[in-house]
Amino acid sequence: MSLFSNITLGQYYPGASLLHRMDPRAKILALPLVMIMVLLADGTAGFIMSGIPVLLALLLAGIPPGTYWRGLKPLWAILLIGLAIQSLTYPGEKLWQWGMLSVSREGFILGMKLSYRLSLLILSTMLLTMTTTPMNLTAALEKLLQPLKKFGVPAHELAMMMTIALRFVPTLLEEAEAVMKAQQARGGSVSTGNLNQRLRASVALLVPLLAGSIRRADELAMAMEARGYRGDTGRTRLKQFKYRPVDIIVLTVLIALTIVVAADRWA
Amino acid sequence: MPGIIDIKNLYVSYAPGTPIQRHALRGISMAVEKGEYRAIIGPQGSGKSTLLQVMAGLIEAEGRVSVCGKDLRHKKNRDGLWRQVGIIFQYPERQLFEDTVFNDIAYGPRNMGLSEDEVRRRVKAALEAVNLDEEVYCLSPFKLSGGQKRRAAIAGILAMEPEVLLLDEPTAGLDPRGKRQLMDLFSNLCRKKQVTLVLVTHDMEEVAHRADTVTVLYRGRIAMGGTPKEIFARCKELESIGLFVPFAAQLATSLQAKGLPVRNMTTLPEAEQEVARLLKGRA
Ligand SMILES: Nc1ncnc2c1ncn2[C@@H]1O[C@H](COP(=O)(O)OP(=O)(O)O)[C@@H](O)[C@H]1O
Ligand SMILES: [Mg+2]
């Protein structure tokens, strides 16, 4: 229906599953652990061990499988091209021959491994953003970066920038749709006509969008100043994060699994 | 004879198949005659803007919609509809983008493939119609004041000389004089040039004084339809869905409640007459 309704990649999916209720800090910490595990994994045992936590999380998130499927859609092409390049260029035992092109057994296996790893990485990242509201995500990130403040890392400012950017994504999409419709009603459709017409139509879309963004940034800065915004000096939070047993258990299990996977690789 | 806008059993939902799905319109059937001045009123979120965008062929919808004799179920008909149907969105100044006011207003007419002479004639006429001075022709539209921007954006639609003009709260945020001037302009187009007008508005006085017919939307359905007199006589019902009636209609209702013999009325001149009649009767 709406022009941008197909952008589901990683968009927050409201729910009350175990994953939704986990401490966002634990989820953020869990992600790099899963990633390390997926990248280290080699051989059947490693692949199974690294796949299980992701699969479990997918099942526990209470999100219909179709949504994951749609989220992965823009990436199918990348996965397929990766597989094709690996299969066609890697030397080894020939599985298939067609003129100049030949698929090697080793290349095919390598390609499959690559696709498997990429899918797990994408799915686990998607899970984090689909089960955590952007607000919680940035607040948790700020909390986690807090200790680095002593070394001059502007934790609060980074988190604030992320919050603002995330906050304005839907606004920008909405505005893009409104402007697009308004120009379409003047005969400037981005999706019809020849290349020249489409280019002109995209100028008619981009200029108002840019002007709108600048105007909003200006208004926001003014509003923040008017309310006495001074960074995080003396600022407290209404909602405090608290680790619960489930968060500790999940992290412990993941650390243990990562060690096992690493041991399996180098053993 | 079917109207210039003919809608049967229209359904629209946003984000279908997701947890944030919303049914914006559910089962709308309505027809607007050529040259008619139709007002659409309803509380916020009742689907007014969505309905207008369906009429302009900008949203795909379920149900039968035909505008200017074109069946909008076909994408080709929706895509070409802008040549006959003009739509002025809420806050149309967001669509300004060209380097000069003149070029911005000429954008639509040029897309129609008109000759440059004809484009110039239409831009001049549109600028005059919305009361913008010749001095602003070569200014950047971003340099104009808020009210001037609104006028320039509206001129950009008028310059295409549409047969049907769809207006989504075109005067929101303007001062009373600016409001009056624009509404005069639109109703003149309707009365003198037989342009069909569909106006979404919260300005009940405007509806009472000038609209031929009114459609009341509530939660995606048509709650009432009829002439302003008929609609505004149903004061209680309108208030229960969060709408106000014009002053004269309120007066009529409260006088009737006191048992005084007054007719239903919607405009101030009518109210004056009725009150004068009442006073004479007493004397
Ligand atoms: N682009 C959109 N995406 C999702 N929902 C929308 C969109 N536009 C409108 N809606 C929803 O559709 C319903 C009708 O909206 P709208 O037609 O704008 O009503 P109105 O103009 O009467 O205020 C509202 O519930 C609104 O939240
Ligand atoms: Mg609206």
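The values are calculated or read from the model by the stated rules, or taken from the named source; none is laboratory data. Small disclaimer: the values here were computed from a predicted structure and weren't measured. All Cβ positions, glycine included, derive from the backbone under ideal geometry; neighbour counts span all protein chains shown. The area values use the complete protein model at the heavy-atom level, side chains included, leaving out ligands, DNA and RNA. Shrake-Rupley method; radii C 1.70, N 1.55, O 1.52, S 1.80 Å.
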Name the residue that is nearest to the other protein chains (Cβ to nearest Cβ), counting only residues in the range B:62-78 that are touching a residue at least 24 places away in the same chain (Cβ under 8 Å) and part of a strand (DSSP E or B).
B:62
Quick one: is residue B:59 touching a strand residue (DSSP E or B) at 6+ places or on another chain (Cβ under 8 Å) and more than 14 Å from every other protein chain (Cβ to nearest Cβ)?
no
Filter the range A:141-158 down to residues that are in contact with a Leu (Cβ under 9 Å, 6 or more places away or on another chain) and within 13 Å of residue A:27 (Cβ to Cβ), then give me how many there are.
2
Residue match in the range A:122-133 (condition: in contact with a Ser or Thr (Cβ under 6 Å, 6 or more places away or on another chain) and more than 20 Å from residue A:38 (Cβ to Cβ)):
no
Name the residues in the range B:1-37 that are within 16 Å of ligand 2 (Cβ to nearest atom) and open to solvent by less than 30 Å² (accessible area, probe 1.4 Å), would you?
B:12, B:24, B:25, B:28
Would you point out which residue out of A:244, A:186 is at pLDDT 90 or above and under 30 Å from residue A:29 (Cα atoms)?
A:244
Look through B:209, B:202 and report the one residue that is assigned to a loop (DSSP other than H, G, I, E, B), more than 14 Å from chain A (Cβ to nearest Cβ) and closer than 30 Å to residue B:29 by Cβ.
B:202
In the range A:166-195, the residues that are in contact with a Phe, Trp or Tyr (Cβ under 6 Å, 6 or more places away or on another chain), closer than 15 Å to residue B:90 by Cβ and either open to solvent by 30 Å² or more (accessible area, probe 1.4 Å) or part of a helix (DSSP H, G or I) (or both)
A:182
From the list B:98, B:134, which one is among the acidic types (Asp, Glu) and more than 9 Å from chain A (Cβ to nearest Cβ)?
B:134
Is it the case that residue B:88 is more than 8 Å from chain A (Cβ to nearest Cβ), more than 20 Å from residue B:195 (Cβ to Cβ), in contact with a helix residue (DSSP H, G or I) (Cβ under 9 Å, 6 or more places away or on another chain) and at pLDDT 95 or above?
no
Looking at (1) in contact (Cβ under 8 Å) with a residue 60 or more places away in the chain; (2) touching a helix residue (DSSP H, G or I) at 6+ places or on another chain (Cβ under 9 Å), can you tell me which one residue A:102 breaks?
(1)
Being under 30 Å from residue B:76 (Cα atoms) and under 25 Å from the mean Cα position of the chain (by Cα) narrows it down to one residue among A:157, A:177; which is it?
A:177
